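Report on the structure given below.
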Amino acid sequence: MAGKIFTLTDVMPISNKKGKRGRTRRNTLRKDIKLLERCRNAWNRFEPARKTRERTMKYTFGDQWSDIIEYKGGRVTERRYIQQKGNIPLQNNIMISIFNTVAGLYEKQGVEPTCFARTPDSQWLSDMMSVALQANLQDTQDSEIRKALFKDYICGGIAVARESYEERDTVWDSWSDYVNPYYVGFEMGSDPRHQDINLICELHDVSHEDLYFKFAREDYGLTRRILDDVYEIDHKRDYDIEADQNDVYDLENVSFDTPANRNCCRVIECWYKRTKPRYQCTDPIAQTADDARFRVEVEDIENVKQENIKRKKVYDEAGVPIEDRAYITAEYIEDVFWYYTFMTPDGTILCEGECPYDYKTHPYTVKFYPFVNGEIHPFLGTVIDQQRYINRLVVMHDMAARSAAKGITIIPKGCIPDDMSPQDFADQFTEYEGLVIYETNRINPSVRPEVITSNAVQIGTYELLQLQLQLTKDITNVSGALQGKTPSAGTSAARYQMEMQNSSVSLFSLLNDMTNLSEQIAEKKVSNIKQFYDDGRLIISADNTKVMEYDRMSARDVKFRISIKEAGATASVAQQANDVGMQLLQMGAIDALTYLQGSTLPFKDLYINAIQDRQAQMALEQQAQQMQQGMSPEQQQQANDNTQQAQQMLQAV
């Protein structure tokens, strides 16, 4: 029997069919309330860490009287309490100086990741992948992300980055994103490598346009109309932003369900571990490590059996002994893998699936400080007590100065002439260039009007302030030498340099943590480059000295090691390159052109072009001489005449 022939009416969605289909898909969207509660609990677990970060951020950037205290049965801020007492909440911020010094020390390093192939004779692959990685870092402005991560690390003790391969500004590339610690939660233990994470959730506030771009896709079964229905979006209504820019990301404006900006939609991204029955297969004659050990689904084990049957047939025909035959072995396991889910605040699933990246884990890179016994304590949080005591000393000194006597005039009654009232005497006494004539007391002639101005009572404020400043330096190891302050008289250059080195050594733990974090980010970025970059894609090095074509097939099965080294763009490395090149030039090991090409001189392109033009002109002259040597005298004379004629024509023009 012939099948039914569909008409355009059957396959083209008219208005009523489109609406019916949209409602059907909306009704088939499922919810995962259990996973939503896991995300909520993971986010709530980090509430103490978020509060600690918020307090440290306030102290670092100037709001140092915002702690809540109990006062007369209520709760007020310290700023409000001091103001109610008639005083001014003064502060002297020393934490921002420490913050800028440590952040500047990290930026001064000028390091960059470099790839090294783990297979022998693969130097050209290392160069290619290093150029691809550094070009990606420059194109995606990765240095800004790393600076933001380090600043957040010293202020809040938490640094979180997310790696993704997606399209931005019509360019497909691997992007690293900074993640605000207020919007992320974890299920984890106390492993300092953070390999015991079981769940990560991140709260996204996306605009309507980004929501449609990312989720209104046919493979998700979602359309713009369905998303409007899910989020109850009313395009005829404009929502006002309820907080200023500096207040949007305050902790009090952050909630799990509702975005601070009502023009955005809350999307909850969750990555968590799941288990699934699979087979662990081992192929003893595989050519690559990925093919030697692999996993297959339970329903695909028949393909492995068919491969073994083919091998058995070949072995039988060749007469290979049984003990020498290589078959694929399979072992049943409960495989653990990473799964992602994007949800709405009510648990409606927008999309889900298994990890699509070759590194087979979540796309986040996290680091906590110091994470001893699983605890998070910001680096700058250790000097909050010293900052509070300094502010208290400043306020006490201000109170003592305001309460001291200033410009009080004491006038004995006997000094007031009989023909003047006390008010007239006071007016004349305080008048500019005023003149007061009075008769001294015969019994006590030393009595006269006196102006008293007393200093504030010395309560040791200066000594206590110096003590707290010294304690701050001892705790943070940020000395005056590290901050670039002028040394005191008699300090030798060697001692000043030693103080700078000792201060930087004490901060090595912070810098080393960020080095490890950068390596982990770069490893995921390299994996994305290997997985997604097209073959033949042009990659240009960061210094514009190398242009290469990406060889995807050669780099696919190569393992790369990431190493963080000092970048060639730093002043110290540039000076070393120029010095070594000059020594080689003086020894005659290289010529002037090679020296200029390897140097970092700002005007090298001018000389390189001049030398190359001169070499090209000399090559043409040499070629002309060789051609003339093979000519007869008549041909040489004819060639000279043609040359002279051409020169005359050019001069006439």
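The values are calculated or read from the model by the stated rules, or taken from the named source; none is laboratory data. Being a predicted model, the structure only gives us computed values, none of them experimental. For neighbour counting, all protein chains shown are included, and Cβ atoms are generated from backbone atoms with ideal geometry for every residue, glycine included. Areas reflect the complete protein model, heavy atoms only, side chains present, ligands, DNA and RNA absent. Shrake-Rupley method; radii C 1.70, N 1.55, O 1.52, S 1.80 Å.
Maximal additional length on extending the Leu469-Lys51 stretch stands at 147.9 nm, based on 0.36 nm per residue less the C-alpha distance. Exceedance of the 25 Å cut-off in Cα-Cα distance is limited, within the set Lys51/Lys85; Lys151/Lys360; Lys214/Lys524; Lys147/Lys546; Lys276/Lys312; Lys214/Lys525, to Lys51/Lys85; Lys151/Lys360; Lys147/Lys546; Lys276/Lys312. Lys34: which aspartates and glutamates have alpha carbons under 20 Å from its alpha carbon, excluding same-chain residues fewer than 8 sequence positions away? Within reach: Glu187, Glu202, Asp257, Glu269, Asp346, Glu352, Glu354.
Shown here for the stretch 331-391: trypsin sites (Lys or Arg not before Pro) in loop regions (DSSP other than H, G, I, E, B) with at most 14 other Cβ atoms within 10 Å, namely Lys360. Label separation (Arg614 vs Thr119): 4.6 nm, computed from points 7 Å beyond Cα along the C-beta direction. Loop-located trypsin sites (Lys or Arg not before Pro) in the stretch 34-125 (DSSP state other than H, G, I, E, B) with a sparse environment of at most 16 neighbouring Cβ atoms within 10 Å: Lys72, Lys85, Arg118.
Put a dot 7 Å past the Cα of Glu167, heading toward its Cβ, do the same for Gln583, and the two dots end up 5.3 nm apart.
Accessible area of Ser518 (1.4 Å probe, protein heavy atoms only, ligands and nucleic acids ignored): about 10 Å². Computed from phi, the 3J(HN,Hα) profile of the stretch 368-379 under the Karplus parametrisation 6.51, -1.76, 1.60 (θ = phi - 60°) reads 10, 10, x, 6, 8, 6, x, 9, 10, 9, x, 4 Hz, with x in place of Gly and Pro. Less than 5 angstrom separates the built amide H of Arg295 from those of Cys281, all sequence-distant by 5 or more or on a different chain.
Here the calculated FRET efficiency for Arg30 and Met548, from their Cβ-Cβ distance with R0 = 35 Å, stands at 0.15, rounded to the nearest 0.05. Were the residues from Asp358 through Asp127 laid out at 0.36 nm apart, the gain over their Cα-Cα distance would be 81.0 nm. Available extension along the chain between Gln423 and Val336 is 21.9 nm, counting 0.36 nm per residue and deducting the alpha carbon span.
For Leu199, the residues whose amide H sits under 5 Å from its own are Glu187, ignoring neighbours fewer than 5 places away on the same chain, with H placed 1.01 Å from N. Rounded to the nearest 0.05, what FRET efficiency do Glu252 and Leu538 have when you use their Cβ-Cβ distance and R0 = 41 Å? In this case the efficiency is close to 0.25. Backbone amide hydrogens, once placed in the peptide plane, bring Val111 within less than 5 Å of Ala567, excluding anything fewer than 5 places away on its chain. For the stretch 140-234, the list of trypsin sites (Lys or Arg not before Pro) that fall in a loop by DSSP and count at most 14 other C-beta atoms within 10 angstrom reads Arg193, Arg217.
Simple spin-label estimate for Val320 and Phe294 gives 1.8 nm between the two label positions (7 Å along the Cα-to-Cβ direction from each Cα). Rounded to the nearest whole Hz, the Karplus-based 3J(HN,Hα) values (6.51 cos²θ - 1.76 cosθ + 1.60, θ = phi - 60°) of the stretch 514-520 follow the sequence 5, 5, 5, 5, 5, 5, 5, with x at glycine and proline.
Considering the zone a paramagnetic label at Ile285 would reach in this model (a point 7 Å from Cα along the Cα-to-Cβ line), which residues of the stretch 330-352 have amide N under 19 Å from it? Taking a point 7 Å out along Cα→Cβ of Ile285, the residues of the stretch 330-352 whose backbone N falls under 19 Å are 330.
May I ask you to derive the FRET efficiency for Glu302 and Asp605 from their Cβ-Cβ distance with R0 = 60 Å, giving the value to the nearest 0.05? Result of the calculation: an efficiency of 0.40.
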